Amino acid sequence: MKQKIVDLVESTKAKIDKAISAKELTDLKVEVLGKSGELTLILRGLKDLPEADRPIMGKVVNEARVALEKAIGSKIGELERKELNEKLMSERIDITIDNKRELGKIHPLNAIKRKAINFFVSMGFIVTDSPEIETTYYNFDMLNIPFDHPAREMQDTFFVTDKIILRTQTSSGQVRTMEKVKPPIKMISPGRVFRSDEADATHTPCFHQLEGLVVDKGITMCDLKGMLASFAKHFFSENSSVRFRPSHFPFTEPSVEVDASCPHCGGKGCNVCKGTGWIEILGAGMVNRRVLSGCGIDPDVYTGFAFGVGLDRITAICHGINDARVPFEGDIRFLKQF
């Protein structure tokens, strides 16, 4: 019986060496080591041997089983590695074939954002950040927006809970800064904001703002207008000018809408500015005394101005984009224009 086992092991190892696929080896393993395999049948026949010979032959059978399982497993691993290498070699991409690979570009919205940040940093502003998921305390209460204000309605604001929302403006970052930093303050807060609007040519539920704040002794509306005039010249042309129109924002008093002379017609009137020669670019005003007091700043000593720029709107003006949805669609034909 021992010689029969030795012959079986040798013949099986010969078949293992000749195998060319993992399936062939799997079938061989079943043939030799399976429930009805040759070695298993030999093991079952040990009961017919004299009792003294059974332990010895049992050990020989087990050693043969271990040796064959190891040999089959090793050969399967070798064949699988070979198959994987052949597949990798056949499917690899030769990156040297096409030497005219296109380089990516900065999205026009991000380009305008960087340009705006660089402009204000050059004027001494610091850049701050604030949470996109904000509390109603910072987004509304601290900005003098009362509980019954329309902006706090469900159709205008994305509410997570009664007290947690997606921020509707980056002005909340100004409040957080005034709580931590005492005047003089000169900061901007760029970022995404969210409002419950249906997407159309002029509205999207997510858009981008850059809000700024200056607080110090003796700050006036003249400082605000001079800075915004420089901003318009930087973005549009050296001949650009700005004008203020009275408006209302709860967190500024007085408040103004700011127009810039149309960069497309130089203020003469065209279809972009609807014949007026002016394009609205942002809202601004002097910081409300209540907002200053709420942040622990004495409004009798310090004054300040705040402004909010819609980066999507500036991008549309600079590049003549007439649909607010287009920059978000990822259409390669649109992006290749920049």
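Computed from the coordinates by the stated procedures, all read-outs in this text should not be read as laboratory data. Here the structure is a predicted model, which means the values were calculated and not measured. Because the Cβ atoms are built from the backbone with ideal geometry, glycine has one as well, and the counts that use them run over all protein chains shown.
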Next item on the list: Could you work out which residue, out of 86, 51, 198, moves most in a Gaussian network model of the chain, that is, has the largest mean-square fluctuation with Cα springs under 10 Å?
Entry: 51
Next item on the list: Rounding to the nearest 20 debye, state how big the charge dipole of the range 1-139 is about its Cα centre with +1 on each Lys and Arg Cβ and -1 on each Asp and Glu Cβ.
Entry: 140
Checklist line | Radius 15 Å from Cβ of residue 264, net charge of other residues (Lys, Arg +1; Asp, Glu -1) | finding: +1
Margin query: Run the lone-cysteine check on the chain: no other Cys C-beta under 4.7 Å from the residue's C-beta.
Written below: 206, 222, 295, 318
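By average Cβ neighbour count within 10 Å, what is the ranking of 255-268, 34-47 from highest down?
Listed from highest to lowest mean packing, they are 255-268, 34-47.
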Item checked: Choice from 26, 168, 128 showing the highest fluctuation, given a GNM over the chain with Cα pairs closer than 10 Å -> 26
Next item on the list: Compute the length gained on full extension between residue 155 and residue 63: take 0.36 nm times their separation in residues and subtract their Cα-Cα distance, giving the result in nm to one decimal.
Entry: 25.4 nm
Check: What distance in nm separates the simple spin-label points at residue 133 and residue 119, each placed 7 Å from Cα in the Cβ direction?
Finding: 3.4
Item checked: Across 233/268; 4/59; 115/233; 113/233; 23/82; 115/217, pairs whose alpha-carbon gap is larger than 19 Å -> 115/217
Margin query: Straight-line reach only, C-alpha to C-alpha below 20 angstrom: list the aspartates and glutamates that residue 87 could link to, leaving out same-chain residues fewer than 8 apart.
Written below: 24, 78
Next item on the list: Rank 291, 262, 235 by how far each Cα sits towards the positive end of the charge dipole of the range 228-320 (+1 on Lys, Arg Cβ; -1 on Asp, Glu Cβ) and give me just the farthest.
Entry: 262
Next item on the list: Could you tell me which of 272, 302, 252 has its Cα farthest along the dipole of the range 174-316 towards the positive end, charges placed at Cβ (Lys, Arg +1; Asp, Glu -1), taken about the Cα centre?
Entry: 302
Next item on the list: Would you work out the charge dipole size for the chain about its Cα centre, treating the Cβ of every Lys and Arg as +1 and the Cβ of every Asp and Glu as -1, and quote it to the nearest 20 debye?
Entry: 780
Note to self: Could you order the peptides 326-336, 233-243 from most to least packed, using the average number of other C-beta atoms within 10 Å per residue?
What the structure shows: 233-243, 326-336
Item checked: Where trypsin sites (Lys or Arg not before Pro) fall in DSSP loop in the range 178-221, at most 13 other Cβ within 10 Å -> 217
Notebook entry, point to check: In deg cm²/dmol, rounded to 500, what helix-only [θ] at 222 nm does the chain give when every DSSP H run of at least 4 residues adds -39500 (n - 2.57) and the total is split over its residues?
Noted result: -12500 deg cm²/dmol
Next item on the list: Just rank 281, 76, 106, fewest to most, by other beta-carbon atoms within 10 angstrom.
Entry: 106, 76, 281
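Just to confirm a number: summing +1 for Lys and Arg and -1 for Asp and Glu over residues other than residue 155 whose beta-carbon lies under 13 angstrom from that of residue 155, what do you get?
-2
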Next item on the list: For the chain, find the longest principal axis of its Cα atoms and tell me its angle to the long axis of helix 54-91, 0 to 90°, nearest 10.
Entry: 40
Check: Taking the Cα atoms only, what angle lies between the long axis of helix 221-235 and the longest principal axis of the chain, rounded to 10 degrees?
Finding: 50
Checklist line | Extension gain (nm, one decimal) between residue 22 and residue 223, 0.36 nm per residue minus Cα-Cα | finding: 64.4 nm
Item checked: Cβ-defined net charge surrounding residue 245, 10 Å radius [Lys, Arg +1; Asp, Glu -1] -> -2
Margin query: Test of understanding: in a Gaussian network model of the chain with alpha carbons linked when under 10 Å, which of 33, 213, 143 would top the mean-square fluctuation ranking?
Written below: 33
